[in-house]
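Below is one structure, written out as structure tokens; the observations come after it.
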Ligand code: C2E
Ligand code: MG
Ligand code: MG
Ligand code: MG
């Protein structure tokens with residue numbers, strides 16, 4: 001009996017595994033053609049000054065319009081793209097779209113683009129950015145790049161050189177999801193950046209948790225001594241905004257101000 005049960009469990013596991021492998025291969029094959037078929041879109045979410053709700057930038061967020069599946073969120077394809085070597089193509093597609101779209105923004109409003117560690121370490125990443133700027137005519141000062149920390153940066157020296165090259169052009173650089181990923185401080189030490197984005201997991205309970213609030217305070221103090229600006233991600237309520245503002249956090253982003261939208265034009269729905 002035990003043996004039968006064992007075999008049954010094994011078969012269930014086997015079917016489940018086979019199904020997941022199939023799904024993954026299926027997604028990988030479809031993702032290979034997504035760029036060429038024009039299925040990668042950028043949506044936009046504003047970043048605002050917490051004092052007056054003026055939009056300072058808008059962040060491009062990738063979406064995959066997959067036939068018969070609808071709109072696929074980045075959580076369901078960016079990691080796969082990184083693993084199978086498709087992030088360069090997807091990343092430069094989003095970068096190009098964002099730079100072109102940003103020409104329609106008011107002066108002084110930047111566009112902010114997520115960049116995987118994998119993209120930063122590619123030899124020609126500096127050229128990819130310069131080309132996107134040249135082709136769109138966007139001034140470098142109107143481009144922010146957010147280094148996402150999902151992958152460990154191995155070639156940290158060459159990435160640091162790329163950072164320097166981009167900063168001297170006038171592009172602003174941010175560390176995304178700051179506080180998560182064990183490489184936060186390594187990155188802060190290796191790269192000169194302009195901005196930290198505090199991960200939304202620290203913002204969610206910033207009012208109720210003394211622990212989380214202490215961490216946010218620590219990040220704000222650190223940013224202050226390094227002369228960096230800070231964006232708090234994932235602000236959903238006015239009371240979170242009020243608290244963060246009183247703590248000295250300059251910028252914020254979140255559903256309170258606007259959800260990501262398909263249009264680049266920043267419309268902050270919230271004005272109180
Ligand atoms: P991220 O860059 O940290 O972006 C913030 C994510 O939080 C976005 O999810 C956004 O829609 C969501 N968000 C914003 N405000 C709120 C809020 O108030 N509450 C809650 N619960 N969520 C909020 P999204 O669009 O699903 O993107 C997820 C992640 O995928 C991004 O996190 C980024 O790491 C990655 N990603 C997106 N686009 C790209 C891209 O073009 N290239 C790369 N390499 N990564 C990308
Ligand atoms: Mg981001
Ligand atoms: Mg982020
Ligand atoms: Mg985040």
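Bear in mind that the values in this text are calculations on the coordinates, not laboratory data. The structure displayed is predicted, hence computed values, not measured ones. Virtual Cβ from ideal backbone geometry, glycine too; neighbours counted across all protein chains shown.
A few notes on this one:
- Fewest-first sequence of 21, 47 by Cβ atoms within 10 Å of each Cβ: 21, 47
- Tensor-based shape of the range 56-159 (alpha-carbon gyration tensor, a/c under 1.5 rounded, otherwise prolate or oblate): oblate
- Taking the inverse of the mean reciprocal distance over all distinct Cα pairs, the Kirkwood hydrodynamic radius of the range 1-134 comes to 17.4 Å.
- Distance between the pseudo-spin-label points of residue 36 and residue 103 (7 Å out from Cα toward the beta carbon): 2.7 nm.
- Residue among 107, 122, 51 with the largest mean-square fluctuation in a Gaussian network model of the chain, springs linking Cα atoms under 10 Å: 107
- Helix 210-225 and the longest principal axis of the C-alpha atoms of the chain enclose an angle of approximately 50°.
- The range 13-65: radius of gyration over Cα atoms, expressed as a fraction of 2.2 N^0.38 Å: 1.86
- Prolate/oblate/rounded label for the range 118-272 (Cα gyration tensor, a/c 1.5): oblate
- Relative to its Kirkwood radius, the Cα radius of gyration of the chain gives an Rg/Rh of 1.02.
- Within the listed set 91, 170, 234, the Gaussian network model of the chain (springs between alpha-carbon atoms below 10 Å) gives the highest mean-square fluctuation for 170.
- Each of 44, 255, 19 has some number of other Cβ atoms within 10 Å of its Cβ, and from fewest to most they run 19, 255, 44.
- Sequence of 43, 144 once ranked by neighbouring C-beta atoms within 10 Å, starting from the fewest: 43, 144
- Over the chain, relative contact order from alpha-carbon pairs under 8 Å, at least 6 apart, %: 19
- The length gained by stretching the chain between residue 130 and residue 168 to full extension, at 0.36 nm per residue less their Cα-Cα distance, is 12.5 nm.
- Estimated from helical segments only, the mean residue ellipticity of the chain at 222 nm is -14000 deg cm²/dmol, where each DSSP H run of four or more residues counts as -39500 (n - 2.57).
- Degrees, to the nearest 10: 156-169 long Cα axis against longest axis of the chain: 40
- By the equivalent-ellipsoid construction on the alpha carbon gyration tensor, the range 90-144 comes out with semi-axes of 19, 11, 9 Å, ordered largest to smallest.
- C-alpha long axis of helix 87-102 to longest principal axis of the chain, angle in °: 40
- Stretched out straight at 0.36 nm per residue, the stretch from residue 265 to residue 141 would grow longer than its current Cα-Cα span by 42.8 nm.
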